Structures are given as structure tokens and as C-alpha cells.
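These notes are about the structure you will find just below.
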Number of protein chains: 2
Amino acid sequence: MDDDRIADIVGQWGRERPDLDPSPLLIIGRIQQLAAVLDEALRPPFAAADLGNGDFDVLAALRREGEPYTLTAGQLSQRMLVTTGAVTKRVDRLIARGLVSRSVSAADARGRVVGLTSTGVALTDRLIEEHLANEAAILRGLTDSDRRTLERLLAAMNRTLTSGDFGPEGGDHDG
Amino acid sequence: MDDDRIADIVGQWGRERPDLDPSPLLIIGRIQQLAAVLDEALRPPFAAADLGNGDFDVLAALRREGEPYTLTAGQLSQRMLVTTGAVTKRVDRLIARGLVSRSVSAADARGRVVGLTSTGVALTDRLIEEHLANEAAILRGLTDSDRRTLERLLAAMNRTLTSGDFGPEGGDHDG
DNA sequence: GCGAGTTGTCTTCCACGGAAGACAACTTAT
DNA sequence: ATAAGTTGTCTTCCGTGGAAGACAACTCGC
């Protein structure tokens, strides 16, 4: 088994390009691999409900918003980090399943308000339980202290990344 | 700015479903978000070379393998965690760019040996330097000790995940 | 050597999401 | 009220990858 694909990769680079330091891959490569494996590991409940992971994202965003479980397409786009075009398609699929509805915003006739149907609320409430249980299971190898540390370090990475000034680009601070 | 999208999400779930523990999202959600942001942050060098991130994966896998910089399609599939169909397409694109070549394996006429051209080696050698520099920059907010801790914890998560027996599925241990 | 099963790769079809443009509806200045 | 510019969403086209099947080439037992 490729129990340590990342370590192998780092070893190979160390041999081939000893002038470089491949150690960042131990963290960044691992995160990327973990994300891929996590997606697959967490998919079964969604697959059983005939939902793409992205579609559940819509349901969850609406559900956790609280009553009346509505967001505009633009808000969904921001929350899910996808384009509005992707939102349109996700919502179209969910409407076909009867899990959400779309209507014209009362405040702005350009706006489309997406809302969970009662079926959608029920399904989401059920799926989020399974989902969080699966996530908890994945983390059960870590102590509480480990988890706090991991949270802190990942949040720190995220801060560096979203501050924008991490690389040769030179972030665009607008004052 | 949505400086802490994940924390917001956890807060929302805490309000809406106080019966559940949303804290796993602080780690797993963060990892998924980080992977997405990392992909984008690390893309520029590849985009400048007119390469998809996945295409660079092929080049890197071949380059770090060492001379003669060759792997079969199946080996590439395993190394990159994609199907052989995806390998075919990635290699097709790279052949069109003159960065790799494909030939029939001497040992097994079904096998296709993919190899870096000299142009491919040169490009990969240049890109991996930029790439690792960018990764190092992303990690510059972490101390050496932080990095070792993070490596350890991520590797631990990976072990739980790949051992298969983390969830309701019940792993398929074959012996 | 031959047939049955297996393996490695490619092909076809499909699902998903991004980019850019279309379009309607909003705002603002006049 | 109107024109010009902006904003929110949808539409179209494209690129990427997965799943399943096609196909050639391999292995093994006889």
C-alpha cells in the first residue's frame, strides 16, 4: 500500500533535486491529498441521496442560515466559493429534486431567492447528522489537544494565504 | 472580509442544530477550503506555462522518478490518483505541447511508456523551483516546530483515512 | 499452440464548474 | 423622466475528469 505517498515524493525530489527543499510538500501536498481523500470518504451519504457534494453545499448553506432558509444566488455563490453560473446549475438540479425553490426577490426583481422546501429541510437535517458523524470518526485518532493544535495551525496557514502577501505576486492591498 | 468563513459556519450550525457538534468542520472544513485556496494560489506558474495543475502533475511525476524520466500510463494513474482515462488525456495534451512522448513498452506491447522530452525536463526543472518557492512562502508564517507538528497531525489523519475503518462503512480488510 | 480469463490503455459519454457574454432591473445624475 | 452605468442572474461554450466498455496483448493450464 502507498501508505506514505507524500513521503515517497519528498524522497524522490530529494534525490533528483538535492538543491531544493521539498519539505513544504509534507504539509501542502498532504493537505491537497487529504482533501481529495476526504471528499471521497465523506461522499457516501450524499451519493445515497443522489446528491453531488456540491449540491449538498447548497442545502447546508441554506439550512444553517436559519429560518426561513433562504439566500439569493449571489449569497450562495459567496458562501460556496463558486461562480454564480455554478450556483444556477446546482439550484436547477435541486429544484428538479424538489429540495429547493427559486423565486423572484421582493426587494430586487433581479434577485432570485433560493429557499429550502420542507423536504429539503428534512433531508438536510438528516444528512448533516451523518456527515458530522463521519467527520468526527475521521478525527477520532486525534486527541482534543491535537485537534486544537491542528485547528490553530490550519487557521494560521489560511490567514497567510488569504492575506494575499505570501508569494512573488505581492498582494493588492487597497489602502 | 470573510476572514473566518469556517468559524462562521460552525457558529451557524451551533445556533441551528445545538444538538450536534460542528467542531469537526474546524479541521476538515478548513482542510477542504485550504486545498481549494492553495490550488489557486499555486496556479500562476503553471498558468504562465499554459499548463493545467493536473498536467504539471504528470511532468513532476516523471521528473522526480529520475532518469530516464519514464513511467507507464498505469503507473502515472497510481501516482496521481486519477483514472487511466484522465492520464490518457493529460498525456495527449502534453504531447501536443512537445513536453512528453509516448511509445509502446518493450516489455509489454499493451503498455505505453510516457517519457519527458528534453524540453519537458527543462520546463519541469524550472517550474518545480518556482512551485516549491511558492509553497515555502505560504508556510513562512509557521515556525519549524509548528511545521513538524502539522506534518505529524496531518499524517495521522491520513493514516486514519487510508486505514479505511474510520466510519460506518466498516473497512474491507482482506485478511 | 490454443482458448479462457486477465490486464493495460484508450475511447465514448456524461457530469460538473469556470469564463465571458446576454439580459433585465437597479441606481444615479441631470 | 431619461440616459448611462452598474449589478444580479442566467446562458453558452469549453475544459477537465470519472465510469464503463472496447480492444489488443498478456498469462496460464492443458
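The values are calculated or read from the model by the stated rules, or taken from the named source; none is laboratory data. From a predicted model like this one, the values you see are computed outputs, not experimental measurements. Cβ sites come from the backbone with ideal geometry, for glycine too, and all protein chains shown count toward neighbours. Surface accessibility is based on the protein's heavy atoms, side chains included, excluding ligands, DNA and RNA. Shrake-Rupley method; radii C 1.70, N 1.55, O 1.52, S 1.80 Å.
Consider only pairs whose beta carbons are under 7 Å apart and that are at least six residues apart or on different chains; among these, list those whose first residue lies in segment A:110-121 and is within 14 Å of chain B (Cβ to nearest Cβ) and open to solvent by 40 Å² or more (accessible area, probe 1.4 Å) and whose second residue is more than 16 Å from DNA strand D (Cβ to nearest atom) and of a type in the set (A, V, I, L, M).
Final answer for the pair search is none.
Hey, can you tell me all the residues within segment B:26-57 that are within 7 Å of another protein chain (Cβ to nearest Cβ) and aliphatic (A, V, I, L, M)?
B:LEU26, B:ILE27, B:ILE28, B:ILE31, B:LEU34, B:ALA35, B:ALA36, B:VAL37, B:LEU38, B:ALA41
Looking at segment A:91-98, is at least one residue touching a Lys or Arg at 6+ places or on another chain (Cβ under 7 Å) and in a helix (DSSP H, G or I)?
Scanning segment A:91-98 turns up at least one residue that is touching a Lys or Arg at 6+ places or on another chain (Cβ under 7 Å) and in a helix (DSSP H, G or I).
List the pairs whose first member sits in segment B:140-152 and is open to solvent by less than 70 Å² (accessible area, probe 1.4 Å), whose second member is among the β-branched types (Val, Ile, Thr) and outside any loop (DSSP other than H, G, I, E, B), and whose Cβ atoms are under 7 Å apart, counting only residues at least 6 apart or on separate chains?
Listed by first residue and then by second, the contacts come to B:GLY141/A:THR160; B:ARG147/A:ILE27; B:THR149/A:THR149; B:LEU150/A:ILE27; B:GLU151/A:ILE27.
Considering only segment B:35-47, I want to know if a residue exists there that is surrounded by fewer than 19 Cβ atoms within 10 Å (Cβ to Cβ) and part of a loop (DSSP other than H, G, I, E, B).
Within segment B:35-47, one or more residues are surrounded by fewer than 19 Cβ atoms within 10 Å (Cβ to Cβ) and part of a loop (DSSP other than H, G, I, E, B).
Considering only segment A:9-34, state which residues are of a type in the set (Asp, Glu) and either in the same structural domain as A:ALA136 (by TED's automatic domain parsing) or crowded, with 17+ Cβ neighbours inside 10 Å (or both).
A:GLU16
How many residues are closer than 24 Å to A:PRO68 by Cα and at the interface with chain A (Cβ under 8 Å from one of its Cβ atoms) when one looks only at segment B:8-25?
Final tally of qualifying residues: 10.
Of all residues in segment A:58-70, which are within 15 Å of DNA strand D (Cβ to nearest atom) and within 12 Å of chain B (Cβ to nearest Cβ)?
Selection gives A:ALA61, A:LEU62, A:GLU65.
Looking at B:LEU127, B:LEU132, which is the one that is within 7 Å of chain A (Cβ to nearest Cβ) and either over 28 Å from A:ARG17 (Cα atoms) or at pLDDT 90 or above (or both)?
Exactly one of B:LEU127, B:LEU132 is within 7 Å of chain A (Cβ to nearest Cβ) and either over 28 Å from A:ARG17 (Cα atoms) or at pLDDT 90 or above (or both), namely B:LEU132.
Residues in segment B:47-69: is at least one of a type in the set (Asp, Glu) and within 11 Å of DNA strand C (Cβ to nearest atom)?
No; the residues of segment B:47-69 include none that is of a type in the set (Asp, Glu) and within 11 Å of DNA strand C (Cβ to nearest atom).
Could you count how many residues in segment B:77-97 are β-branched (Val, Ile, Thr) and in contact with a strand residue (DSSP E or B) (Cβ under 9 Å, 6 or more places away or on another chain)?
Counting residues in segment B:77-97 that are β-branched (Val, Ile, Thr) and in contact with a strand residue (DSSP E or B) (Cβ under 9 Å, 6 or more places away or on another chain) gives 4.
If you scan segment A:75-103, which residues turn out to be open to solvent by less than 60 Å² (accessible area, probe 1.4 Å), within 9 Å of DNA strand D (Cβ to nearest atom) and within 14 Å of chain B (Cβ to nearest Cβ)?
Within segment A:75-103, A:LEU76, A:SER77, A:ALA86 qualify.
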